[in-house]
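The values are calculated or read from the model by the stated rules, or taken from the named source; none is laboratory data. On a predicted model such as this, the values are computed, not experimentally measured, just so you know. Cβ: placed from backbone, ideal geometry, glycine included. Neighbour counts: every protein chain shown. Surface accessibility is based on the protein's heavy atoms, side chains included, excluding ligands, DNA and RNA. Shrake-Rupley method; radii C 1.70, N 1.55, O 1.52, S 1.80 Å.
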Amino acid sequence: MRHTTVGIVGGGPAGLLLARLLHLEGIDSVVLESRDRAYVEQRQRAGILEQTTVDALRAAGAGGRMDREGLVHHGIELRFDGGAHRLDLPALTGGRSVMVYAQTEVVKDLVALQLAEGGPLLFGAEVRSVEGADTDRPVVRYTHQGREKELSCDYVVGCDGFHGVAKRAVPEAERRSYERTYPYSWLGILADAPPAYDELVYAHSERGFALASMRSPTVSRLYLQVPNGTDPGDWPDERIWAELDLRLRADGGRSPNRGPVTAKSVLPMRSHVTEPMRWGRVLLAGDAAHIVPPTGAKGLNLAAADVLVLARALSRRCATGSTELLDAYSDTCLRRVWRAEHFSWFMTTTLHTEPGQDPFRTRLQLAQLERVATSPHAAAELAENYVGPATPAGPSAPGGR
Ligand code: APR
Ligand code: PHB
């Protein structure tokens, strides 16, 4: 049976970045990804990178194209009640900002690096089970090229997303899940049109939430709140543009620029946390352990924060034999995870209109948005959460290496 130090289940951003960070520490790993390369590289997800994620990608040697093509954003705009309010991120957070660089591009950069100089990255390798979490040699069972295979590991990391199998290595009696589903979804489009606004626009409207984001100076990414179960086929392009106009235009403001729609899909909204994030020699990272609704764009950033903490912990273990950081892994990550869960829930529930929402709730939402627009403290609270903590583990975590 083949053996590796760290078996990584899933080749999304979490698994790929972890493999890369371990490689740079001289720790060997094998990444097993069930899908093919094209699918993984083209999966549309959010594209806002916090400073710690940008730093992590640079440290991983994957920052070259990001630094050339990524767009640094120093503000976001909130639109509500017919008006617009800009949050100046560096002014509110002691100089921090965010980078707009799509997750598809992050994944392409990491895949190229891993194939060029990392350990094995197997596409079309579907993991069936992870066994022996309580032993010194957990085993990953998977199928590849029609054959059943096994990989023995010192540690296994489940980076296999929300529907992954790795979390089943935590005994059911010990696994705790916390979950919220929301009574609305997002209809997202990509359009070949230069973004009309320099920064991201988050719009509260009684017709429902809308978001104007971007992928590049020539590609817009736009979202509309829609009812759960919406068929994208019921939204011809013309209907989408008309609705975006109604929700995004502040009084006297510009409409989004129109252009050919190149992708259209509906995304459900969910909050979910699985605890603990470690059982024996199996550790969970990224969406395998936690999901946030996309409103705060925290998913990729949480995944990157987990694997930074984990790479450091595994490196300490390999260099010194100490399991101190591994033992602290779940608690360290969960502090940041729950902060981001709260922020994502807050952004989601403050900006969306529930089906049949009563006017009292709408008034409360507007009062809260007004507070952010008029109180530097409330604005700083939102901005700090938006740009994320200054260190991967967050401010209150125990020190590093
Ligand atoms: N065997 C092998 N691979 C698997 C298996 C399995 N049984 N199950 C799932 N996978 C793969 C998926 O195909 C996917 O490529 O695991 C990968 C998980 O990747 P993501 O879902 O992208 O999760 P993660 O790497 O944690 O990245 C988090 O993704 O969902 C977004 O908003 C989230 O941006 C955040 C990021
Ligand atoms: C995106 O560009 O896809 C995006 C940006 C910001 C969000 C969510 C999604 O809050």
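Among (1) touching a strand residue (DSSP E or B) at 6+ places or on another chain (Cβ under 8 Å); (2) surrounded by 16 or more Cβ atoms within 10 Å (Cβ to Cβ); (3) of a type outside the set (Val, Ile, Thr), there is one condition SER265 misses while meeting the rest; what is its number?
Going through (1) touching a strand residue (DSSP E or B) at 6+ places or on another chain (Cβ under 8 Å); (2) surrounded by 16 or more Cβ atoms within 10 Å (Cβ to Cβ); (3) of a type outside the set (Val, Ile, Thr) one by one, SER265 breaks only (2).
So THR391 ticks every box in (1) more than 24 Å from the chain's Cα centre (by Cα); (2) closer than 29 Å to LEU211 by Cα; (3) of a type in the set (Ser, Thr, Tyr) but one. Which box is left unticked?
It fails just one condition, (1).
Among (1) touching an Asp or Glu at 6+ places or on another chain (Cβ under 6 Å); (2) open to solvent by less than 10 Å² (accessible area, probe 1.4 Å), where does VAL111 come up short?
(1)
Would you point out the residue of segment 243-259, among those that are closer than 15 Å to ALA193 by Cβ and without any contact (Cβ under 8 Å) to a residue 60 or more places away in the chain, that is most open to solvent (accessible area, probe 1.4 Å)?
Pass one, segment 243-259, residues closer than 15 Å to ALA193 by Cβ: 244-245, 248, 254-259.
With without any contact (Cβ under 8 Å) to a residue 60 or more places away in the chain added as a condition, the list becomes 244-245, 254-255.
Values: LEU244: 1, ASP245: 37, ARG254: 135, SER255: 37 Å².
Looking at the filtered set, the residue picked out is ARG254.
Restricting to segment 1-43, name every residue that is without any contact (Cβ under 8 Å) to a residue 40 or more places away in the chain and within 18 Å of the chain's Cα centre (by Cα).
TYR39
Give me a count of the residues in segment 14-59 that are open to solvent by 20 Å² or more (accessible area, probe 1.4 Å) and within 11 Å of ligand 1 (Cβ to nearest atom).
10
So is LEU115 free of Cβ contacts under 8 Å to residues at least 40 places away in the same chain and assigned to a helix (DSSP H, G or I) or not?
It is true that LEU115 is free of Cβ contacts under 8 Å to residues at least 40 places away in the same chain and assigned to a helix (DSSP H, G or I).
What about THR391, is it touching a helix residue (DSSP H, G or I) at 6+ places or on another chain (Cβ under 8 Å) and either open to solvent by less than 10 Å² (accessible area, probe 1.4 Å) or free of Cβ contacts under 8 Å to residues at least 60 places away in the same chain (or both)?
So THR391 fails the test.
Return the only residue of ALA340, ALA379 being modelled with pLDDT of 95 or more, among the aliphatic types (A, V, I, L, M) and farther than 24 Å from HIS272 by Cα.
Testing whether each residue is modelled with pLDDT of 95 or more, among the aliphatic types (A, V, I, L, M) and farther than 24 Å from HIS272 by Cα leaves just ALA379.
Could you tell me whether any residue of segment 193-215 is at pLDDT below 95 and within 16 Å of ligand 1 (Cβ to nearest atom)?
Within segment 193-215 (the criterion being at pLDDT below 95 and within 16 Å of ligand 1 (Cβ to nearest atom)), the answer is yes, since at least one residue qualifies.
Return a yes/no flag: does segment 82-90 have any residue that is modelled with pLDDT of 95 or more, under 30 Å from ARG254 (Cα atoms) and under 21 Å from the mean Cα position of the chain (by Cα).
yes
List the pairs whose first member sits in segment 267-294 and is within 21 Å of SER185 (Cα to Cα), whose second member is away from ligand 1 (no atom under 12 Å from the Cβ) and open to solvent by 30 Å² or more (accessible area, probe 1.4 Å), and whose Cβ atoms are under 6 Å apart, counting only residues at least 6 apart or on separate chains?
Hits for this filter: ARG270/THR181; SER271/ARG180; SER271/TRP345; HIS272/GLU179; VAL273/TYR178.
Which one of LEU308, LEU302 is under 18 Å from LEU49 (Cβ atoms), aliphatic (A, V, I, L, M), within 16 Å of ligand 2 (Cβ to nearest atom) and buried (at least 19 other Cβ atoms within 10 Å of the Cβ)?
Matching residue, one of LEU308, LEU302: LEU302.
For the condition more than 16 Å from ligand 2 (Cβ to nearest atom), under 18 Å from the mean Cα position of the chain (by Cα) and open to solvent by less than 10 Å² (accessible area, probe 1.4 Å), what is the one hit in VAL157, VAL170?
VAL157
Mind counting the residues in segment 102-135 that are within 12 Å of ligand 1 (Cβ to nearest atom) and charged (D, E, K, R)?
Qualifying residue count for the region: 2.
Looking at (1) loosely packed, with under 14 Cβ neighbours inside 10 Å; (2) in contact with a Leu (Cβ under 8 Å, 6 or more places away or on another chain), find the lone condition where GLN365 falls short.
Only one criterion is unmet by GLN365, namely (1).
Test each condition in (1) among the basic types (Lys, Arg); (2) more than 30 Å from ALA367 (Cα to Cα); (3) touching a helix residue (DSSP H, G or I) at 6+ places or on another chain (Cβ under 9 Å) for ARG68 and report the one that comes out false.
Only one criterion in (1) among the basic types (Lys, Arg); (2) more than 30 Å from ALA367 (Cα to Cα); (3) touching a helix residue (DSSP H, G or I) at 6+ places or on another chain (Cβ under 9 Å) is unmet by ARG68, namely (3).
Quick grid of which residues meet (1) touching a His at 6+ places or on another chain (Cβ under 8 Å); (2) more than 30 Å from ARG363 (Cβ to Cβ); (3) hydroxyl-bearing (Ser, Thr, Tyr):
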residue: ARG20; (1), (2), (3): no, yes, no
residue: SER34; (1), (2), (3): no, yes, yes
residue: ARG37; (1), (2), (3): no, yes, no
residue: GLN51; (1), (2), (3): no, yes, no
residue: VAL54; (1), (2), (3): no, yes, no
residue: LEU57; (1), (2), (3): no, yes, no
residue: VAL72; (1), (2), (3): no, yes, no
residue: ILE76; (1), (2), (3): no, no, no
